[in-house]
1. Condition (residue is modelled with pLDDT of 95 or more, within 13 Å of ligand 1 (Cβ to nearest atom) and over 16 Å from residue 11 (Cβ atoms)) applied to the stretch 88-101: is it met by at least one residue?
2. Where residues in the stretch 60-84 are part of a helix (DSSP H, G or I) and without any contact (Cβ under 8 Å) to a residue 60 or more places away in the chain, which of them is nearest to ligand 1 (Cβ to nearest atom)?
3. Yes or no: the stretch 48-71 includes at least one residue that is over 20 Å from residue 125 (Cα atoms), assigned by TED's automatic domain parsing to the domain that holds residue 145, of a type in the set (Lys, Arg) and within 16 Å of ligand 2 (Cβ to nearest atom).
4. Report those helices (runs of 4 or more DSSP H) wholly inside the stretch 284-382 carrying at least 3 residues which are in the same structural domain as residue 142 (by TED's automatic domain parsing) and within 16 Å of ligand 2 (Cβ to nearest atom).
5. Go through the stretch 197-217 and give me each residue that's within 12 Å of ligand 1 (Cβ to nearest atom) and not acidic (Asp, Glu).
6. In this structure, does residue 342 turn out to be touching a residue at least 40 places away in the same chain (Cβ under 8 Å) and in contact with a helix residue (DSSP H, G or I) (Cβ under 9 Å, 6 or more places away or on another chain)?
7. Of the residues that make up the stretch 129-137, is at least one assigned by TED's automatic domain parsing to the domain that holds residue 85, of a type in the set (Val, Ile, Thr), in contact with a strand residue (DSSP E or B) (Cβ under 7 Å, 6 or more places away or on another chain) and within 16 Å of ligand 2 (Cβ to nearest atom)?
Amino acid sequence: MLQPVRGTHDLLPQECRQYRAIANSSRLIAQRYGYEEIETPIFEFSSVFLRMGEASDVVTKETYTFQDRGGQEITLRPEGTAGIMRAIISNGLTQKTPLKYYSCGPMFRYERPQKGRYRQFTQVGVELVGVAEPLGDVEVIALAEQFLKEIGLTKGISLEINTLGDQESRNLYRTALVTYLNDFRTQLSPESQIRLDLNPLRILDSKDVNDRKLLENCPVFRDYLNAESEDFFANVLKKLDLLGITYTLNYQIVRGLDYYCHTAFEFVSHQLGAQGTVLAGGRYDGLISQLGGPNLAGVGWAAGLDRLVLLAEKSIDKPCLISIIPVGDTAESQALQMAQDLRQEGLNIDLGYSGSLSKRMKKANSVGASWAVIFGDDEIKSQKVAIRDLKSGLQVEVAFDKISDYLQSKIQ
Ligand code: ATP
Ligand code: MG
C-alpha cells in the first residue's frame with residue numbers, strides 16, 4: 001500500500017477543520033494588534049538561509065536542499081522569518097517601518113519524526129520590524145498569550161522567558177559558557193561537542209539528558225549582562241507585569257542564531273514531552289543587516305500549529321449541511337436546479353447522486369447533514385416540500401418558494 005513520506009501527515013477533514021480554526025484565530029488576533037498577513041514562497045535560494053548562520057542546527061542538518069533543473073541551489077523553508085525579511089528587502093519596504101506581519105504556512109525540516117515533530121509542519125507567526133524598544137517584545141508576547149487564550153490553551157502552558165543581552169553581553173557570556181563546558185567536553189553528547197565549537201549557546205537547548213545534567217551548574221546569562229541589557233530586560237518584565245502576563249525566568253532559553261539578542265521566550269506545555277514548546281520567539285535585531293538590508297530591529301515568534309492541534313481538545317463541528325432528497329423521476333430532474341438555487345442563496349447543499357428514499361436518507365445521515373428536503377410527485381403537485389430536522393426527526397411542510405427562508409431562519 002502507498003504510504004506518505006516519513007515525517008509527513010495527511011490532514012483529513014476533521015483535522016483540517018481544527019487547523020483552519022486555530023489558524024483563523026491567530027489571524028484575527030494578529031489583526032487586532034494591527035498585523036497584516038504576508039505570504040512568501042515555500043522555497044528560497046539556499047543562500048537566504050545560509051546567511052542566517054551556517055552553524056545553526058536548522059541550517060546544518062535540518063534543511064531540504066536541492067539543485068533545481070536550472071542548477072540553482074534551492075532550500076525548502078525551515079522557518080518563516082528569513083523569507084519574510086528577504087521579502088522586506090526585495091520589495092524595498094525597509095523605509096516604511098514599523099512593519100507588522102502575520103504569516104501562516106508549511107515549513108520543512110529533516111528531523112527525526114515523532115509525536116509533535118514532523119518533516120512538514122505548519123507554523124503561524126508574527127514579525128515586528130523596526131521597533132527597537134522593549135514595547136515591541138511586550139506586544140508580540142501579549143499577542144501570543146491572547147492567541148493561546150483565544151484557542152483555549154492557557155491551562156498547562158507557561159511562558160518562559162530569558163534575555164540574551166546585547167551583542168557585548170552575549171559575547172561575554174559565550175566565552176564563560178565555553179570555558180565552563182570545555183572541562184566536560186568529552187562527556188557532552190556528540191552533537192553538543194560539535195556545537196561547542198560552532199554554536200555553543202545552542203547547547204543550552206540540548207534535549208540530551210546527560211547534557212542537561214552538565215548544564216545544571218553552568219554560568220547564566222543574567223550574570224553577564226551590561227547595564228543597558230539589564231535595563232532592557234527589566235523594562236520588558238515590568239510591562240509584562242503591568243499587563244498581568246505571568247512568566248517564569250528560564251536562563252536556558254536561547255535562540256540558536258547569532259543575530260538573536262535580548263528577549264527570548266517560549267510558551268511550553270508539559271503534555272508533549274520533549275515536543276513541549278508550542279510557541280517560541282525572540283528579538284533578532286541583527287538579522288536584516290545580515291541578509292544585506294539596513295540595520296533594523298526585529299522581534300517575533302512562531303507557533304507550531306501541529307502541536308497546538310495535538311493539545312486542542314475540542315473537535316470542530318462541520319458546517320451545517322442540507323441534503324436534498326428527491327423521490328421519483330420528476331423530482332429527480334428538479335432537484336439539481338433546486339440545489340443550485342439554494343447554494344446561490346448561501347446554503348450548503350448535498351445532493352445525493354442516486355438511490356431510493358431510504359438509501360438517500362441513510363446517506364444524508366452519514367454525511368452529517370442537519371436537514372433533509374424531501375419531495376416527490378405529490379409535493380410537486382402541492383408545491384410544498386417536507387423539511388426534516390435530522391437530529392430531532394421533526395418534519396414540517398414548507399412551500400417551494402419558502403425553502404430558503406425557512407432553512408436560513410433555522411440555521412441562524
Ligand atoms: P524544538 O526545540 O522543539 O526542535 P525549535 O527550537 O527547533 O523547536 P523553532 O525553530 O523555534 O523550534 O520553531 C517554532 C515552533 O515551531 C516550535 O516551538 C514548535 O512548536 C514548532 N516546530 C518546530 N519544529 C517542528 C517540527 N519538526 N514539527 C512540528 N512542529 C515544529
Ligand atoms: Mg528543532
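1. So far as the stretch 88-101 goes, no, none of its residues is modelled with pLDDT of 95 or more, within 13 Å of ligand 1 (Cβ to nearest atom) and over 16 Å from residue 11 (Cβ atoms).
2. Pass one, the stretch 60-84, residues part of a helix (DSSP H, G or I): 60-62, 81-84.
This time we only want the ones that are without any contact (Cβ under 8 Å) to a residue 60 or more places away in the chain, so: 61-62, 83-84.
Numbers: 61: 11, 62: 8, 83: 14, 84: 14 Å.
By that ranking, first place goes to 62.
3. yes
4. Values: elements: 287-290, 305-311, 329-344, 357-366, 377-382.
So the answer is 305-311.
5. Applying the first criterion (within 12 Å of ligand 1 (Cβ to nearest atom)) to the stretch 197-217 yields 202, 204-207.
The answer is 202, 204, 206, 207.
6. Numbers: touching a residue at least 40 places away in the same chain (Cβ under 8 Å): yes; in contact with a helix residue (DSSP H, G or I) (Cβ under 9 Å, 6 or more places away or on another chain): yes.
Criteria met by residue 342.
7. no
A quick yes/no check of all residues on (1) over 18 Å from residue 200 (Cα atoms); (2) at pLDDT 90 or above:
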position	(1), (2)
212	no, yes
224	no, yes
228	yes, yes
245	yes, yes
252	no, no
274	yes, no
277	yes, yes
317	yes, no
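The values are calculated or read from the model by the stated rules, or taken from the named source; none is laboratory data. In this text, all values refer to a predicted model and were calculated from it rather than measured experimentally. Here the Cβ is made from the backbone with ideal geometry for all residues, glycine too, and neighbour counts use every protein chain on show. SASA here: full protein model, heavy atoms, side chains in, ligands and nucleic acids out. Shrake-Rupley method; radii C 1.70, N 1.55, O 1.52, S 1.80 Å.
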